[in-house]
1. Cα-Cα over 25 Å: which of K271/K343; K343/K366; K327/K358; K225/K271; K117/K165?
2. Under a crude label model (7 Å from the Cα following the beta-carbon direction), how far is Q230 from S385 in nanometres?
3. Run the quick spin-label model on D217 and L183: label points 7 Å from Cα toward the beta carbon, then report their separation in nm to one decimal.
4. For a Förster distance of 41 Å, can you work out the FRET efficiency between the beta-carbons of K327 and K143, rounded to the nearest 0.05?
5. Picking from Y340, N362, G351, whose Cα lies most toward the positive end of the charge dipole for region 319-369 (charges on Cβ: Lys, Arg +1; Asp, Glu -1)?
Amino acid sequence: MQVWVYVLEFLVLLGLTGCGAQEEEEAVELTFDDIIGGNDSWDESEIYEEARTNEDRQGERATSEALVSCTSAPGESETVKMAASGNEILADISQLNKNDISREAPFSGCRLSPDKKCTLDTSYIEGGAWQDYDENYDMGTGKNALDCDRSYMFCQYGHGIIYLKDAGQTFKDQVEEKAEDELLITLDILQGMVVYDDDGNKIELGVREIESYDLEDSIPIYKEKREFTQEDVDEINRVMHKFEIDTPNKVAHFLAQCTAESNLGIGPVEKYGGDDVFKYFVERDYRNDLGNCQQGDGAKFRGAGAIHMTGRSVHIGFQEYMAKEQKTTDDNIVNHGALYVGKNYFWESAGYYWHIYKDMNNKYFKNDSISSVAQITMAVNGGDSQQELREQAYVYLIMELEGRK
């Protein structure tokens, strides 16, 4: 038994009393079962290996300075420091409890937030607290200590999971698995889609962003067309996750509609004929069903976004929705209309139109029922425009998504 005594003394010296242990703390007497969790199948070499592993962890800055990573941050290795609430001094893990959710600085960006930026606004932390904390260690009225292997926060702004960097690998692995499970669409799927119009011509898919526009003539100037990138995929997944388009059937229907409405990115705003945009859309100027009530409303509020939401009413609704989301009103959504939405909210507006304005998830996908493409097209488009194209896209997407299971 001498070897066990040596190992126990060695482990105690390493401070294996929790990841926030301080050097000043008194040594705690540990039993053999405390170390191996009652698993008598471990041999001496495994115990020594466990000791060496934990010895290495004692020197990690993450353990002493509470560095955190986020699954939505641009760089996989990027970290920022936590700080105890109301305390400007940077905290180490032992000073933090489940309610300490403030960070010293934002991450350099956010791949999945609406503006690609990281926010320090703690109101976006789900529940206003860390999840999966140490229930056995109370630091005072409901202030439980953190567990560096398991504790995490969920940021609803960018749908990122914030976790303690390298303080424990167990949860990190779980985070990566969770992120992979939540992937809804992939770059390969988008790049592989081939669809044809009614005359058998291949439809051009890709991205053509609006660079600028002139409100006087209501004509956009486009950037050069490009292929889809991983950044495009990240944005689509962010929007679908946010607006609960989260099953293969919903995703296939949603993207099939986007394929017909905007070619997934080629048409940020509705097409027009001739040189006079206002004349082309004049018949919609006073459409009560669209909320259009002024001369020029037909052109100003023509279809915009991945799903061409159309009319003054839906633009007003979208502006009000985004004001609640961003906590500041973006008046240009209504002041500039479709051109501004197509340039700045291409996918966000489509998610809003689908889930909030049309309530598609609740009307047509209860228990993920199999709704027909014709039924969804009528709800989105108000008719049967490009019905065959939508069906082609849906069939391709559902086969790819279901085949990935």
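Here, each number is a calculation from the coordinates, and none is a lab measurement. Note that the structure is predicted; figures quoted are calculated from it, not measured. For neighbour counting, all protein chains shown are included, and Cβ atoms are generated from backbone atoms with ideal geometry for every residue, glycine included.
1. The answer is K343/K366.
2. In this crude spin-label approximation the distance works out to 3.6 nm.
3. For the pair D217/L183, the computed spacing is 4.5 nm.
4. Step by step, r from the Cβ atoms, then E = 0.90.
5. Of the candidates, N362 comes out farthest on the positive side.
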